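Asker: I have a structure I would like to understand better, so I am pasting it below and will then ask my questions one at a time.
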Amino acid sequence: MQYLLRSGSVAVLRRAGARSLAIGAASVKRDVARLKIAEIDSQSAQVAPQLIDAFNREHDYLRISLTEKCNLRCFYCMPEDGVELSPPQQLLTDDEVVHLAELFVRAGVRKLRLTGGEPTVRRNIVELVGRLSGLRDLGLQSIGMTSNGLALHRKLPDLVENGLTHLNLSLDTLDQFKFELITRRRGHDAVVKSLDTALSLPGLQSVKLNVVVVKGLNDSEVFDFVEMTKERPLSVRFIEFMPFTGNKWDKAKMVPSGDLLHRIASRYPNVRKAEDSLNDTARSYEIPGHRGSIAFISSMSDHFCGTCNRLRITADGNIKVCLFGPNEVSLRDALRSGATEEELMGLIGMAVGRKKARHAGPIFSPSPRRLCPPSRLLIPTFPLWTLTSSPKHRHSTAEHSTFMHTSAVEAAERSEGPKLSHVDASGRPAMVDVTDKPVTSRTAIAQGRIYLNQIAFDLVTDPGSVTGPASELSPVTTDRVAKALSKGPVLLTAELAGIQAAKRTSSLIPLCHPLPLTHVSITLSPEQDDDSRSGSRWIQCVAKVRCDGKTGVEMEALTAVSVSLLTVWDMLKAVAGAEMEIGDVRVVHKQGGKSGDFLTPGEPSA
């Protein structure tokens with residue numbers, strides 16, 4: 001020991017001890033990292049294949065809309081008069097909500113968020129949260145809610161007691177007069193009270209404030225919102241103004257998140273990036289000395305689709321894999337038809353499997369369902385699908401129907417140009433209101449043709465050449481010719497069918513008005529190419545329709561042509577069924593009405 005002391009080795013021992021401690025600390029860090037990786041891998045392994053999309057994104061976050069109703073009318077969300085609501089019987093019941101939530105939780109969902117409309121307008125919201133909280137034994141970790149806060153403060157303590165863990169509150173201004181301007185309703189004080197109540201409840205793990213920033217309206221309040229985080233454990237999230245159908249979005253009113261951050265940094269130069277989780281849609285920042293934080297949701301200036309782990313169920317029971325995507329599939333219909341859990345999971349897997357890498361192009365949605373009631377055009381599509389253990393999909397034998405909701409109004413709403421006339425303001429199919437239109441004389445001419453083979457053409461133009469003694473047809477073909485002839489005169493029957501179809505157009509085309517037709521004529525003319533080498537032969541059909549009414553007769557003329565040509569096909573299918581082709585069906589002349597007249601050059605006129 002004396003030797004060591006004399007040789008100055010104490011310092012050496014100290015350095016060795018320090019190195020040993022450093023190595024031990026590094027080893028501990030590696031162990032912690034391994035445990036963390038193992039935990040993540042363990043959680044990933046619990047996500048069912050049906051919740052993993054083609055881009056290997058695992059969807060463990062489910063948003064459930066509990067209602068289409070909202071007690072505010074925020075201008076960026078819905079029209080002042082609201083939108084048409086679905087009948088109550090079309091909405092999910094409490095039992096159905098819990099059933100579907102349990103199905104998703106068993107499949108690996110760990111986070112639920114309740115939305116609307118405004119979820120607090122659902123009468124039994126407190127009890128429903130309690131039932132959902134019972135799914136914790138199956139792996140559910142949190143229950144969140146997004147609310148406008150108008151009626152929340154009275155229910156919030158009971159909601160937290162029943163299992164609510166996270167709250168997102170919407171408040172776009174701290175000025176009560178601007179609040180009424182934005183929401184078209186009173187209630188600013190009630191929302192502030194809900195915020196204060198939320199921050200006082202220790203059972204809430206996080207409270208976030210959503211602020212939609214609109215240039216010239218509330219962007220001057222950004223610093224006021226930032227100051228709210230100084231003494232409160234609150235995350236204020238600035239959201240870029242997004243274009244939804246009917247909200248008169250203007251790019252000049254959108255403040256990019258980058259500009260906001262630059263503005264905030266000019267007053268708070270020490271603002272710094274905070275750590276975000278992998279699937280966060282918001283980018284968080286913190287200011288030293290502030291208890292809370294700020295964040296930016298850059299839906300317009302920057303996309304965050306690549307790590308999206310969210311699925312949505314609408315109030316009427318449809319699964320949406322993307323908020324801004326047009327496609328929806330009805331889980332409600334399958335559930336009410338008695339689908340098994342395997343079939344339901346197959347349906348979910350089919351929807352998730354079609355999820356795109358990101359929403360394409362600018363964000364324009366006819367149905368911002370997370371904010372307001374749905375508006376959509378309902379189109380029936382395919383039978384229920386199921387997934388087996390194989391990643392391939394197959395048709396189910398179960399007699400279930402599903403629906404895909406597509407945005408027929410999306411393209412029209414992108415500009416101030418022409419709009420679809422048979423879609424109302426909420427995106428639903430609607431018959432055009434012609435109440436105030438004057439009665440005028442209307443005419444439309446449509447045409448089309450059906451191509452025939454030689455035998456069918458001769459049967460119409462010169463039956464003797466086919467049936468006479470000189471005919472060289474085989475016995476089989478002769479039998480087919482006899483079958484075609486037994487149906488009667490081809491062109492006369494087709495003409496009568498076209499006239500009848502014109503009169504019944506409103507019964508065939510759902511949104512057409514019934515019209516008192518004053519004249520319908522059908523002309524069917526056999527024609528062929530002058531060049532005999534081409535071998536083209538066809539029946540040309542021209543339909544002329546007139547009426548004195550408030551709307552045009554183009555659909556009647558098109559229907560007449562289409563049905564006439566279909567009748568020709570039916571009459572001659574015995575001799576030419578595999579070779580006939582219908583084409584070139586179009587309107588060539590229109591006269592009367594507000595939109596004016598037109599005549600295709602070289603075509604017949606009225």
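The values are calculated or read from the model by the stated rules, or taken from the named source; none is laboratory data. Since the structure is predicted, the reported quantities are computational estimates derived from the model, not experimental observations. Note that each Cβ is placed from the backbone with ideal geometry, even for glycine, and that neighbours are counted across all protein chains shown.
Asker: Select from segment 477-495 the residues that are surrounded by fewer than 14 Cβ atoms within 10 Å (Cβ to Cβ) and among the aliphatic types (A, V, I, L, M) and list them in ascending order.
Answerer: Those that are surrounded by fewer than 14 Cβ atoms within 10 Å (Cβ to Cβ) and among the aliphatic types (A, V, I, L, M): Ala482, Leu492.
Asker: Could you check segment 128-241 for helices (runs of 4 or more DSSP H) lying wholly inside it with 2 or more residues that are closer than 24 Å to Glu80 by Cα and touching a helix residue (DSSP H, G or I) at 6+ places or on another chain (Cβ under 8 Å)?
Answerer: Numbers: elements: 156-161, 176-183, 188-200, 222-231.
In segment 128-241, 176-183, 188-200 are the helices (runs of 4 or more DSSP H) which contain 2 or more residues that are closer than 24 Å to Glu80 by Cα and touching a helix residue (DSSP H, G or I) at 6+ places or on another chain (Cβ under 8 Å).
Asker: Something else about it: Would you mind stating whether Arg73 is of a type in the set (Lys, Arg) and either over 16 Å from Ile313 (Cα atoms) or under 22 Å from the mean Cα position of the chain (by Cα) (or both)? Before you say what the answer is, go through the steps one by one.
Answerer: Numbers: of a type in the set (Lys, Arg): yes; either over 16 Å from Ile313 (Cα atoms) or under 22 Å from the mean Cα position of the chain (by Cα) (or both): yes.
The answer is yes for Arg73.
Asker: Let me ask you something else. Run down Gly116, Gly139 and say which single residue is closer than 20 Å to Met345 by Cα and out of contact with any Pro (no Cβ under 8 Å at 6 or more places or on another chain).
Answerer: Values: Gly116 fails: closer than 20 Å to Met345 by Cα.
None of the others qualify; the one that does is Gly139.
Asker: Follow-up question, since we're still on this one. Identify, from the list Leu515, Leu508, Leu492, the residue that is free of Cβ contacts under 8 Å to residues at least 24 places away in the same chain and of a type in the set (A, V, I, L, M, F, W, C). Spell out the reasoning first.
Answerer: Numbers: Leu515 fails: free of Cβ contacts under 8 Å to residues at least 24 places away in the same chain; Leu508 fails: free of Cβ contacts under 8 Å to residues at least 24 places away in the same chain.
Selected residue: Leu492, the only one of Leu515, Leu508, Leu492 that is free of Cβ contacts under 8 Å to residues at least 24 places away in the same chain and of a type in the set (A, V, I, L, M, F, W, C).
Asker: Could you run through segment 107-127 and say how many residues are surrounded by fewer than 20 Cβ atoms within 10 Å (Cβ to Cβ) and in a strand (DSSP E or B)?
Answerer: Result for segment 107-127: 1.
Asker: Out of Arg131, Arg186, I need the residue that is crowded, with 16+ Cβ neighbours inside 10 Å, over 28 Å from the mean Cα position of the chain (by Cα) and of a type in the set (D, E, K, R). Which one? Full working, then the answer.
Answerer: Values: Arg186 fails: crowded, with 16+ Cβ neighbours inside 10 Å.
Result of the check over Arg131, Arg186: Arg131.
Asker: Pairs only if they're at least six apart or on different chains, beta carbon under 6 angstrom, first in segment 84-108 and among the β-branched types (Val, Ile, Thr), second part of a helix (DSSP H, G or I); list them, first residue then second.
Answerer: Taking only residues 6 or more apart or on different chains, the pairs are Val98/Arg131; Val105/Leu135; Val105/Leu138.
Asker: While we're on this one: Could we say that Ala334 is surrounded by 19 or more Cβ atoms within 10 Å (Cβ to Cβ), at pLDDT 90 or above and under 18 Å from Arg113 (Cβ atoms) here?
Answerer: On the way: surrounded by 19 or more Cβ atoms within 10 Å (Cβ to Cβ): yes; at pLDDT 90 or above: yes; under 18 Å from Arg113 (Cβ atoms): no.
Answer is no for this residue.
Asker: Could you list, in sequence order, all residues of segment 187-212 that are farther than 27 Å from Ser257 by Cβ and out of contact with any Leu (no Cβ under 9 Å at 6 or more places or on another chain)? Even if it seems obvious, please write down each step before you answer.
Answerer: Keep residues of segment 187-212 that are farther than 27 Å from Ser257 by Cβ, which gives 187, 189-190, 193, 196-197, 200-203.
Within segment 187-212, Asp189, Asp196, Ser200, Pro202 meet the criteria.
Asker: Right, something else. Of all residues in segment 80-106 being in a loop (DSSP other than H, G, I, E, B) and under 19 Å from the mean Cα position of the chain (by Cα), which is surrounded by the most Cβ atoms within 10 Å (Cβ to Cβ)? I'd like the intermediate steps shown before the answer.
Answerer: Narrowing segment 80-106 to residues in a loop (DSSP other than H, G, I, E, B): 80-87, 91-93.
Next, from what is left, pick out any that are under 19 Å from the mean Cα position of the chain (by Cα): 83-86, 91-92.
Values: Val83: 21, Glu84: 15, Leu85: 17, Ser86: 14, Leu91: 21, Leu92: 24.
Among those that are in a loop (DSSP other than H, G, I, E, B) and under 19 Å from the mean Cα position of the chain (by Cα), it is Leu92.
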